[in-house]
Amino acid sequence: MELNNVKETGVLIVGAGPSGLALACDLARRGVPAQVVEQAPALFPGSRGKGIQPRTREVLDDLGVGDAVRAYGGPAPIDMTWEDGERKGTYDMFRRAAPTEAEPYGEPWLMPQWRTQEILFARLRELGGDVLFSAALTDLAQDTDGVTAQLTTGPVRASYLVAADGGRSTVRRALGIPMEGETVDPAPVLVADVRITESALDRLNWHFFMGDAGFTTLCPLPGTADFQLVAQFKDGAPDTTPEGVRELVDARTHLAAQDVTEVRWSSDFRPRAALADRFRAGRVLLTGDAAHVHSPAGGQGLNTSVQDAYNLGWKLGQVLLHEAPGTLLDSYEQERRPVAAAMLGLSTRIHRGEQERGAATQQLGLGYREGPLSHGRAGLLHAGDRAPDGPAGDGLRLFDVFRGPHFTLLAVGPRTALPYADHAMLRTHRADGCAAYGTGLFLVRPDGYIGWAGPDAHGLDAYAATMGLDLKST
C-alpha cells in the first residue's frame, strides 16, 4: 500500500448516502475531524428511499435540518386505485396519528432520497465539513492505532473508518464479513423518477394500477414536479431506458407514452433482505445498507440507516475527544444489530402482505432496554427507552432542551434533586408535569435515549464515567 503524502483524519466515512452524511453532520457538530469520500462524482440522483418515519424526523430535527424537512417534504397522499382508466376507490396504507406531547410527529412523511441527501450535505457544509467525490476505496489495512485506506485520490489515515458504501459495500467485502439474507420477492422491480403532463394525472393521490404483469404505482414527490414510478415485473426484466419507461406507462396505465415528458432517473432491483454478521471489525464499523438491506415496502431502510449513524456518532465523539474507552464502540453493534434484524423482518412481512404499515413502522417504540448502556428505571420509563418530548417550561419543549451534541440530565418531579450543574457536555433541566416520564432522574444520551434512570443520583457518577462523561466537569 502506497503511504506517501498520507492525509490524516479522525474518522473516514466511505459513502455519501443518508447514513454517511448524517454521521458526518453529527461528528462535525461535535468537533470530530472527519472526511467523507464518495466514489461517484455527485450525490445519488434518485428518489428511492422516500419515506421519512417519525423517529427519523426527530433525529433530523436534532441534527439541525428539521425546518428543511418540513419545507421540502410532505404527508403521504391517500392511495387511488385504477382499473381500465377509471378510478375505483381510495384507501390508506399508512397509520396516521395526530401529534401528541410525547410524539410530535405522527403522519407518514415523504421526501425523495436525493433531497434528503442534499439537505444533509448542505448542513454538513454549514458545519465546516465536505465530501470528496470521485474517490473510490481500493484497499485498507488496520492496526492497533488506526486504519490506512488507499483511495483513488491517495492514501488516508484515520483513527476509525465507517463503511457507509451501500449494499455492495467494498469495505465489508474487503473485511470478509458475510451478509446473510434471502430474496423477498423473485420479481424484479423498476423504479424511476418521471415528469407527467399536468392534465394527465393529478398530484393529490398515490396512484395504483394492478395487472397480470405486476403492480404499477405513481406517487407524487412533495416539493418537486416529479412522480416516483414503481413497477413490478412478474415476467421478464425491466427496461430502464427512457423509451422503456414510457412504453411501460403506456402499457400499464391509462396514460400515453407522450404524457411522460421526462425520465429523470431510473433503476431496477430485486427485493432482498440481508444482515451483516458483524457491524464492527476492529477499527472499522458498518452502517446503513452496508450492514443491512431491506425491501422498500416497509419504508425502513433509509430510516434504519440514519439511526445507525445517530447511534454511532456520539460514541465516536466520546472515544476520540473525551477519553471514553474504545470498548464503548462495541455497544454500537450490540444495540443496532438487533434493531436492524427486527426492521428487516418487519419490511419483509409488509412486502408479503403479512403485516400492515402500523405503529411499528414509525420506529418510535424502538429502544435499547437490553443493551449494555441501559441502567435502571424511574417513573414510567426504563433506561434504553426513547426519551419522550413534552413541555419544558418557558415555551420550550424537551426536544429543544435535548437538541445538540450534549447529554441531558432531566429531573422530573418537585422532590427530585438535580445534583450537577451545566457544563460543555451536560445540560441539566427540571421539568414538572411531563406525563410520559412520571417522577425521577433521567440521563438522556445525545441520541435521545435514556441511558440511566433512578429516583436519585446514586450510581449515576460511575455510570457516566464509563462513557467518558464527567458530570462534575466545569
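Remarks
- Using θ = phi - 60° and Karplus 6.51 cos²θ - 1.76 cosθ + 1.60, couplings along segment 375-389 (whole Hz; Gly, Pro as x): 9, x, 7, 7, x, 9, 10, 9, 4, x, 6, 4, 6, x, 6
- Where the chain is the region considered: accessible area per residue in Å², 1.4 Å probe: 41
- Helical contribution to [θ] at 222 nm, DSSP H n ≥ 4, -39,500 (n - 2.57), averaged over the chain, rounded to 500: -7500 deg cm²/dmol
- Dipole magnitude of the chain, debye to nearest 20 (Cβ charges: Lys/Arg +1, Asp/Glu -1, about Cα centre): 760
- Relative protection proxy for 143-149, 445-451, from highest mean packing down: 445-451, 143-149 (other beta-carbon atoms within 10 angstrom).
- From phi via Karplus (6.51, -1.76, 1.60), per-residue ³J(HN,Hα) for segment 345-351 in Hz, x at Gly/Pro: x, 4, 4, 5, 5, 5, 4
- Which labelled figure in [x] 4, 20, 29, 25, 15, 6, 1, 0; [y] 4, 17, 25, 23, 15, 9, 5, 2, 0; [z] 4, 17, 24, 25, 19, 9, 2, 0 is P(r) over Cα pairs in 10 Å bins from 0, in percent, once derived from the coordinates: [x]
- Exposure of residue 50 as accessible area (Å², to 10), given a probe of 1.4 Å and all protein chains: 30
- Beta bridges assigned by DSSP with both partners in the chain are antiparallel in approximately 70 percent of cases.
- Cα centroid separation, segment 385-422 to segment 305-360 (Å): 24
- Label-point separation, residue 143 to residue 417 (7 Å along Cα→Cβ), nm: 5.0
- Portion, in percent, of the accessible area of the chain that falls on carbon or sulfur, probe 1.4 Å: 48
The values are calculated or read from the model by the stated rules, or taken from the named source; none is laboratory data. Note that the coordinates shown come from a computational prediction; the quantities given were computed from them, not determined experimentally. Here the Cβ is made from the backbone with ideal geometry for all residues, glycine too, and neighbour counts use every protein chain on show. SASA here: full protein model, heavy atoms, side chains in, ligands and nucleic acids out. Shrake-Rupley method; radii C 1.70, N 1.55, O 1.52, S 1.80 Å.
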